[in-house]
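Every read-out reported here was derived from the displayed coordinates using simple, explicitly stated rules and does not represent laboratory data. Computed from a predicted structure; not experimentally measured.
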Amino acid sequence: MTSTFDTRPSVLALFDVAPTGKVTGAILAVLAVLAFSTLATRSAVEDVARGSTSGGTRLLDDFPADLTERRERSTDIYLIGVSLSRTLETSYREFERQLSSGGRIRVLLTDPDADDAAITTQNKPTQPSPEEIRGEIHQTLRLLSRLTAETRGRLEVRTTRTALKFGLNYIDVGKNSALLCVQLYSFDQSGESRPIIALTLADGVWFETYREQAERLWDVSTAT
């Protein structure tokens, strides 16, 4: 025999058991939770929006528009990259001026004698051969050697055989105005490798994480 259960009495019983005041209170409590959740979500979205425009952590698809200008104004710079060939070509004269006026520049490159995996860590879409990249590194080292000879300035150059995971522009080292511009190396991506992360002291743990990584790389690298 098949039994059919009618739930209507149970529902009615619920309302019989729960006084109207309690039901109303429960409904108001649920509405309060929903309202709080909506406000919290809106606040989180607004925080993200403010962060993208107020100088906090920024995830970018290209370098900040003012990066070159800030780099050229700075008196203490630390650069990390596989070859940094483009940076040296575009900012050579400014680096020359900075070094001549007492500024300090540190440069960390991939060792041209490192294995192919370290040399090709940027995975550029044009797929330059390891030997082509080694040629770029050697050219950068020649330019840096010339800068040292011409300026007698505080230019320090080191190389690493570690496969770099990111490139770095560290501007105004040790100052309240410090900027860390971190370029994460991507795989076979058109345009700039990205994301590019712009960090300031206001970003706390993330700024400190990449600052420590950069300084640790420097400490274990080889002076040229």
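For segment 147-154, the Karplus equation 6.51 cos²θ - 1.76 cosθ + 1.60, evaluated at θ = phi - 60°, returns couplings of 4, 4, 5, 7, 10, 6, x, 8 Hz by residue, with Gly and Pro reported as x. A simple rule links phi to the HN-Hα coupling: the Karplus curve 6.51 cos²θ - 1.76 cosθ + 1.60 with θ = phi - 60°, which for segment 81-87 gives x, 5, 10, 6, 4, 5, 4 Hz, with x for Gly and Pro.
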